[in-house]
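Below: the structure, in structure tokens.
Quick note: the coordinates plus some simple rules give every number you see, no bench work behind them. Quick caveat, the model's predicted, so the values are computed rather than measured. We place every Cβ from the backbone using ideal geometry, glycine too, and count neighbours over all the protein chains shown.
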Amino acid sequence: MPQQSTKSHLDLAVAPKRPEDCAVVIFGASGDLTGRKLLPALYRLFATGATPERFYICGAARSGMSQEEFRAKMRQAVENKGSDMTAWDDFAVRLHYQPVVYDQAESCRALAARLDQLDQEHGVGGNRIFELAIPPALYQTVAATLAQAGLAGEERGWRRLVVEKPFGRDLASSRELNQAIGRGFNEHQVFRIDHYLAKETVQNIMMFRFANAIFEPLWNRGYIEQVSILAAETLGVEHRAGYYEQAGVLRDMFQNHMMQLLALVAAEPPSLFEADRVRDERTKIFRSLRPFPTEDLYDYLVLAQYEAGEIDGQPAPAYRAEPGVAPSSLAPTFATMKVFVDNWRWQGVPFYLTSGKRLTEKLTRIVIHFREVPHSLFRRVLGEDIQTNRLVLDIQPKEEISLYFQAKQPGAQVALRTVRLHFSYQDQAAQQGVEAYEKALADAMLGDQMLFWRQDGVELCWAFLDPVLEACESCGDRADRLHRYRAGSWGPRDAAKLWPGHPYNYPVG
Ligand code: BG6
């Protein structure tokens, strides 16, 4: 019998490994993503001792910029995050910059020579990460020039390519992209980021399910009535209209983040917490998705776009009035989708997936709605209705787990009330979580692909979504099918008709 342990999970955890010495080469180093996410994450990893003993960063972009200018720009970016700058000087000497022309092998060869020289300077033996923080239209070009310049081969150290979403805009283009990348890089070298997977509370879904004996026996169609997954944002399209107009919410959030959340809730336990076994189980869920009933599309799907409204007391413009958006745009900014997983465990259990921009609040939440009690012995005194149990996994901004159950209302009268058993990550103040990009970059340095997409998963999710996109985008009454909602609301009323757990039906607690 297992011994009782008073040790915390931290005592039991395996000490984090330090990655092997390597260089991180960022394509698109003068761009938004580098300043907003990548550099602050790398700096924090460095400041907390999570980078390799010997490592450096080489920014590469089209802009002509000196090393000093690059360092100053990056310092600003890191400062903007409110970081403690004590380690900056030490970090800054590891920052370099090389201008490149993305489609010229010659230019990439000059980069290769510079990297060889920097390897020597920093005592790094040839291991390299290439991070593509560039517009997706350039992924193929850069992957090809890297291969032509001999930068993809692993003869001298490992080479890893980190790719941001979107991985294509449909099945055909994702395959084409994969083939282009595959000319230089093998699957074990490709790290397709889904920053949702790298969120601490998302990772916790697996721990919660498989490190506790009491939930898993209930985690199936016998006890679960429905599952809902909500990713609500208050932000609008911001400055990304060029991309979003083409993508809409289904490509932007559903093909990737929502599918991964669904897979984590629904997957079978892998035999070991190891990258490919975990990814195999997630992939099996994608393979089990019931083909979407496109003939009755709108019985299972609600699409909508935001109108002008107000968020946090501030006026918010309509989507169509956002900069760069066509005045007659039909791009959906909100969707609720009812999905089924056709396997033994989940047969008949609906998964309601909802995501939208410009909603009331920022909230990513998974709710497991359990079934009703099979027989209510309280029906004479309380009527038939007893609130069902709910397990709420709050992913962000609050990081919490709550279990709702019924208890007796104190007092002489027989009455029930819903009470909440609650765990909050914030209460564990001493243990600061890592930000998603830190986790993703640290794992890429360690070569751990668990939290990254594998190509088979990407393709299965596109194969699921393609017919939906085609049906929505080609249907004659597309404009009439697109509902409207006020910015700052919880979305269109019709979503609440489709999804019983919608905040209009179940106020957000
Ligand atoms: C991105 C989408 O992948 O995720 C954005 O492209 C969205 O449109 C973002 O805003 C949401 O991420 P998070 O971490 O803020 O929930």
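Here the calculated FRET efficiency for Arg320 and Gln409, from their Cβ-Cβ distance with R0 = 56 Å, stands at 0.70, rounded to the nearest 0.05.
Give me the net charge of Thr364's neighbourhood, meaning all other residues with Cβ under 14 Å from the Cβ of Thr364; Lys, Arg count +1, Asp, Glu -1.
Numbers: positive: Lys199, Lys357, Lys362, Arg365, Lys398; negative: Asp194, Glu200, Glu233, Glu361, Asp394, Glu399, Glu400.
Within the 14 Å Cβ shell, the charges total -2.
Helix 171-182 axis versus longest C-alpha principal axis of the chain: approximately 30°, rounded to the nearest ten. Spatially, segment 22-62 and segment 210-257 are offset by 29 Å when compared through their Cα centroids. If only the Cβ of Lys and Arg carry +1 and only the Cβ of Asp and Glu carry -1, the dipole of the chain around its Cα centre is close to 920 debye.
Report the local net charge at Glu473: Lys and Arg +1, Asp and Glu -1, summed over other residues whose C-beta lies under 13 Å from its C-beta. Neighbourhood net charge equals -1. Net charge in the neighbourhood of Glu20 (other residues with Cβ under 10 Å of its Cβ; Lys, Arg +1, Asp, Glu -1) is +1. With Cα atoms as the point set, the radius of gyration and Dmax of segment 278-396 evaluate to 19.6, 61 Å.
Candidate cross-link partners of Lys338 among the aspartates and glutamates, defined by an alpha-carbon separation under 17 Å and a same-chain spacing of 8 or more, comprise Glu225, Glu295, Asp296, Asp299, Asp466, Asp494.
Once backbone amide H atoms are built at 1.01 Å from N, Arg128 has Ala23, Trp158, Arg159, Arg160 as its partners under 5 Å, excluding neighbours fewer than 5 places away on the same chain. So if R0 is 51 Å, what FRET efficiency would Leu377 and Ser83 give, r being the distance between their Cβ atoms, rounded to the nearest 0.05? Efficiency, from the Cβ-Cβ distance: 0.30.
Rounded to two decimals, the Cα-based Rg/Rh of segment 24-128, with Kirkwood Rh, is 0.95. In order along segment 411-419, the Karplus-derived 3J(HN,Hα) couplings, from 6.51 cos²θ - 1.76 cosθ + 1.60 at θ = phi - 60°, round to x, 6, 6, 7, 8, 10, 9, 8, 10 Hz, and Gly and Pro are given as x.
Going by how many other Cβ atoms sit within 10 Å of their own, how do Ser228, Ser63, Ser474 line up, fewest first?
Details: Ser228 23, Ser63 14, Ser474 8.
Ordered by Cβ neighbours within 10 Å, fewest first: Ser474, Ser63, Ser228.
Each principal axis of the Cα cloud of segment 213-274 was taken in turn, and the coordinate range along them, longest first, works out to 47, 29, 16 Å. Note on Arg345 and Arg156: their simple-model spin labels are 4.7 nm apart, each label 7 Å out from Cα toward Cβ.
Give me Asp32, Asp443, Asp312 sorted ascending by neighbouring Cβ count inside 10 Å, so fewest comes first. List each step's numbers first, then the result.
Working: Asp32 12, Asp443 21, Asp312 9.
Least to most surrounded, the residues fall as Asp312, Asp32, Asp443.
The mean of 1/r over all distinct Cα pairs in the chain, once inverted, gives the Kirkwood hydrodynamic radius of 24.8 Å. Listed by chain and number, the aspartates and glutamates whose C-alpha is less than 14 Å from the C-alpha of Lys199, apart from same-chain residues fewer than 8 away, are Asp394, Glu399, Glu400, Glu435, Glu438, Asp443. Put simply, the amide H of Tyr97, placed in the peptide plane, has neighbours under 5 Å in Gly59, leaving out anything fewer than 5 places away on its chain. Helix 200-210 and the long axis of the chain differ in direction by around 60°, with both axes built from C-alpha atoms. As a proxy for reagent exposure, Tyr223, Tyr404 were ordered by neighbouring Cβ count within 10 angstrom, fewest first; the result is Tyr223, Tyr404.
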